[in-house]
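Peer 1: Shown below is the structure under consideration.
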4 protein chains.
Amino acid sequence: MNAELPVRRGGRRRDPATDSAVIDAVLDMVAAGATLTGLSLVAIAKQAGVSRNSVYRRWKTKDELYLDVLETINRPRPAPTGAGTREDLAVLLRGLAERVVDQRASSMLRALNAEAATFPRLHGRYFEEIVAPRREAMNDVLRRGVERGEIRPDVDPDLIAELLVSPLLARMASGSTDRLDPERTSRQIIDLVLEGAGAAPA
Amino acid sequence: MNAELPVRRGGRRRDPATDSAVIDAVLDMVAAGATLTGLSLVAIAKQAGVSRNSVYRRWKTKDELYLDVLETINRPRPAPTGAGTREDLAVLLRGLAERVVDQRASSMLRALNAEAATFPRLHGRYFEEIVAPRREAMNDVLRRGVERGEIRPDVDPDLIAELLVSPLLARMASGSTDRLDPERTSRQIIDLVLEGAGAAPA
Amino acid sequence: MNAELPVRRGGRRRDPATDSAVIDAVLDMVAAGATLTGLSLVAIAKQAGVSRNSVYRRWKTKDELYLDVLETINRPRPAPTGAGTREDLAVLLRGLAERVVDQRASSMLRALNAEAATFPRLHGRYFEEIVAPRREAMNDVLRRGVERGEIRPDVDPDLIAELLVSPLLARMASGSTDRLDPERTSRQIIDLVLEGAGAAPA
Amino acid sequence: MNAELPVRRGGRRRDPATDSAVIDAVLDMVAAGATLTGLSLVAIAKQAGVSRNSVYRRWKTKDELYLDVLETINRPRPAPTGAGTREDLAVLLRGLAERVVDQRASSMLRALNAEAATFPRLHGRYFEEIVAPRREAMNDVLRRGVERGEIRPDVDPDLIAELLVSPLLARMASGSTDRLDPERTSRQIIDLVLEGAGAAPA
DNA sequence: ATATAATCGAGACGGTACGTCTGGTCTTCGC
DNA sequence: GCGAAGACCAGACGTACCGTCTCGATTATAT
């Protein structure tokens with residue numbers, strides 16, 4: 001897990017509980033309002049109930065540590081069933097919504113977005129490993145939707161995708177994830193985007 | 001502007017250029033990636049080319065200073081013309097998009113959202129003075145749209161509003177405001193939300 | 001007093017009490033058994049009741065600080081009256097003995113001798129400014145003694161000097177300065193060195 | 001040699017080379033300018049090319065280790081021949097001078113004197129086992145000298161002893177043992193102390 | 001032969017101290 | 001009075017080291 005494992009030639013083993021205690025501490029503190037730059041390995045160690053030494057031994061910089069934290073966040077993404085466009089979109093949006101509802105995960109991601117400039121490597125990794133695959137999956141579903149005749153072929157699919165995920169992303173960014181029921185909200189968004197808000201001209 | 005003005009009995013006058021230099025410094029540093037908690041009055045003074053003393057004389061805390069910075073951000077909001085729903089929405093969205101494109105303003109707001117927990121007073125003010133009025137205006141337009149028969153009456157208007165503004169808010173949050181043409185993007189969003197992405201059943 | 005004084009263009013003045021508090025702290029701690037290498041500016045600051053900052057502002061290294069401490073030790077050396085060899089020697093030895101009796105001074109010098117290798121510059125200064133002049137004075141007195149016919153001309157004067165001062169130096173080195181009466185002990189040493197311990201062959 | 005040897009029921013034997021390597025390391029480092037408090041078992045282990053474990057297994061504290069080091073220093077003391085006072089004194093002083101010339105031994109003793117307060121037990125042992133017997137021997141010789149009519153009976157023998165040994169002790173304390181020829185210097189000191197530096201009144 | 005037992009090097013661990021840096025306050029100077 | 005310079009205390013940070021504990025490998029004794 002840690003970037004740089006020394007060659008094992010003997011000596012005491014690292015306590016695996018320390019790793020998770022530290023990562024938990026990071027998530028808790030960020031969820032409590034800390035910024036990524038504001039956090040220090042020292043403060044994290046204190047919160048984790050671990051000696052500074054043990055933290056610095058594992059991660060030289062905050063960057064490396066946050067990478068491992070990100071790894072923890074990156075849960076397996078849901079696979080669309082292929083039953084139908086509406087259902088496939090629901091699977092994807094529900095997956096996103098569930099992450100948004102997870103206070104610790106969404107706080108971490110919000111912080112990462114806000115401080116992307118300070119942690120370019122971290123932000124890049126986040127994009128490649130978390131954002132990109134999900135965006136790709138969404139595109140696949142939309143493409144199949146067009147083939148099936150369920151999605152208008154004359155609209156930029158990227159725009160459709162943006163319309164679908166932005167409400168959830170915006171909530172994550174603003175932290176207003178209180179009254180968010182993943183299942184219900186996903187459905188509502190999909191229905192509205194597919195059918196449109198405009199009144200049918202009689 | 002400043003919370004506490006001393007009784008003027010003589011002596012040198014405060015240099016008004018100092019005020020704007022400091023506020024500019026804050027906006028520049030936040031746009032450059034600084035967090036609100038991470039900034040210190042000392043660092044700000046250095047960046048503004050002003051003595052620490054001059055900053056502390058004007059603002060006791062970061063909170064007070066940021067309030068004044070926020071004031072600067074809060075440009076007059078555009079008034080819908082009333083010509084038609086589609087046009088009115090375009091006016092509102094264009095106003096939002098223009099703010100999103102402004103690097104310094106959008107960085108400040110992104111930071112404020114990310115650290116809302118740390119600056120509750122500030123965040124409250126931001127909500128009351130910037131978010132609420134615009135949300136109200138949007139609701140007005142949608143209500144009139146329903147009355148005019150241009151907006152479906154069977155859908156929660158809050159959800160429609162959310163769909164309309166979220167793409168721009170999400171871009172602000174993620175900082176990807178590069179290829180954002182306020183006029184064009186606003187139109188695209190409105191069109192898609194009103195007409196829907198689903199193919200009409202033949 | 002301190003090596004590097006900044007150009008004064010304004011700003012708060014350094015508190016002179018801090019200087020002496022720190023120097024006192026050093027003397028006290030060394031007298032209490034601390035070694036020169038063992039002492040840290042941090043510990044000294046704590047003992048002096050002063051912030052670390054204030055210490056580091058004045059002295060960059062322990063070396064510089066100890067130089068100033070040494071300055072304090074270097075009290076004016078007594079001048080022989082010229083009345084007679086025995087009396088002149090008494091003046092010099094009494095001066096040395098008094099310094100040996102001073103716990104703080106003698107502890108400092110003992111420490112300095114023990115760690116000469118670690119503080120070569122410091123030890124050099126000590127030798128030049130404290131040891132050398134006194135050694136010179138002793139030589140002058142002995143030379144005059146030879147001229148007056150009060151000191152044997154056939155013995156190396158350096159050896160005589162060494163015999164005179166070593167008992168006091170040895171006591172300083174071993175720290176056994178308890179029962180040392182400067183006046184009485186000086187006399188005894190001089191008497192014995194001049195007259196010899198050997199029984200006159202009848 | 002080491003305080004606490006485990007009951008032997010099997011297992012690997014301790015490498016005797018380790019003991020001497022460690023003790024050598026201590027003597028070398030002290031001779032190189034280290035203080036007794038400044039040395040740590042860790043640093044000693046590194047210098048000795050031995051694992052920390054092996055050091056701590058043998059000595060719990062620096063105190064215990066230094067005791068063993070002291071043991072090494074304590075070479076057999078020379079026995080006066082009884083041929084004559086002058087010769088007996090020469091034997092004793094030569095023994096002392098030889099120890100003073102030994103860089104490692106004299107550095108160790110100088111350090112021990114400088115830090116006597118920190119290592120009272122160690123210093124006590126040093127006094128009892130090294131200083132006291134030699135001082136006693138010196139007193140014996142002087143007492144016999146008085147009986148033989150070679151030493152003035154009207155002078156405190158302790159003062160005579162002090163005069164004899166102090167030049168060598170002072171050199172040890174100051175580290176100036178370069179140009180010290182044990183044989184020659186001992187003779188010179190004895191001659192001068194016995195015959196005195198004062199010119200015989202014609 | 002095969003337990004048993006101690007040594008040894010490597011290294012994790014908590015604790016402590018160090019020197020640096022920065023933040024906010026206070027004090028002095030010059031305009 | 002204002003702005004600039006800087007002293008001052010408090011506190012955090014990252015590093016380094018110390019003494020202890022834990023582990024695998026090795027080496028010797030005892031069964």
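Read-outs: derived from the displayed coordinates by stated rules, not from any lab. The structure displayed is predicted, hence computed values, not measured ones. Ideal geometry is used to build each Cβ from the backbone, glycine not excepted, and the neighbour counts take in all protein chains shown.
Peer 1: Give the distance, in whole Å, between the Cα centre of segment D:35-74 and the Cα centre of segment A:107-136.
Peer 2: With segment D:35-74 and segment A:107-136 each reduced to a Cα centre, they are spaced 53 Å.
Peer 1: Just going by the charge dipole of segment C:74-195, with Lys and Arg at +1 and Asp and Glu at -1 on Cβ, which of C:THR85, C:ALA173, C:THR185 is farthest out on the positive end?
Peer 2: So the residue furthest toward the plus end is C:ALA173.
Peer 1: Here's another thing I want to ask about it. Report, as a whole number in µm² per second, the diffusion coefficient that Stokes-Einstein gives for segment B:75-195 at 4 °C and 1.567 mPa s using the Kirkwood radius over alpha carbon pairs.
Peer 2: Diffusion coefficient, whole number: 86 µm²/s.
Peer 1: Taking just the C-alpha trace of chain A, give me its Rg and Dmax in Å.
Peer 2: According to the Cα coordinates of chain A, Rg and Dmax are 20.5, 81 Å.
Peer 1: Given the C-alpha atoms of the protein assembly as shown, compute the convex hull and give its volume per residue in Å³.
Peer 2: 235
Peer 1: Return the long-range amide H neighbours of B:ILE151 (sequence gap of 5 or more, or a different chain), with a cut-off of under 5 Å between placed amide H atoms.
Peer 2: So B:ILE151 has HN proximity to A:ALA199, B:VAL146.
Peer 1: Loop only by DSSP, 11 or fewer other Cβ within 10 Å of the Cβ. Give me the trypsin sites (Lys or Arg not before Pro) in segment C:1-89 that pass, ordered by residue number.
Peer 2: When the trypsin sites (Lys or Arg not before Pro) of segment C:1-89 are filtered for loop state and at most 11 Cβ neighbours within 10 Å, C:ARG8, C:ARG9, C:ARG12, C:ARG13 remain.
Peer 1: Quick one: among A:ASP181, A:ASP15, A:ASP158, which has the greatest mean-square fluctuation in a GNM of chain A with alpha-carbon springs under 10 angstrom?
Peer 2: A:ASP15
Peer 1: Can you give the charge dipole size of chain B about its Cα centre, rounded to the nearest 20 debye, using +1 on the beta carbon of Lys and Arg and -1 on the beta carbon of Asp and Glu?
Peer 2: 1140
Peer 1: Moving on to the next point. Taking the Cα centre of chain C as the origin and placing charges on Cβ (Lys, Arg +1; Asp, Glu -1), which of C:PRO120, C:SER51, C:VAL100 is farthest toward the positive end of the dipole?
Peer 2: Checking the options against the dipole of chain C, the answer is C:SER51.
Peer 1: Quick one: among A:VAL91, A:VAL155, A:VAL50, which has the greatest mean-square fluctuation in a GNM of chain A with alpha-carbon springs under 10 angstrom?
Peer 2: Top of the fluctuation ranking is A:VAL155.
Peer 1: Same structure, new question: What whole-number volume per residue, in cubic angstrom, does the convex hull of the C-alpha atoms of segment C:16-71 give?
Peer 2: 68
Peer 1: Here's another thing I want to ask about it. From the phi angles alone, apply the Karplus equation (6.51, -1.76, 1.60; θ = phi - 60°) to segment B:78-83 and give each ³J(HN,Hα) in whole Hz, x where the residue is Gly or Pro.
Peer 2: Per residue, the Karplus-derived 3J(HN,Hα) values read x, 9, x, 7, x, 5 Hz.
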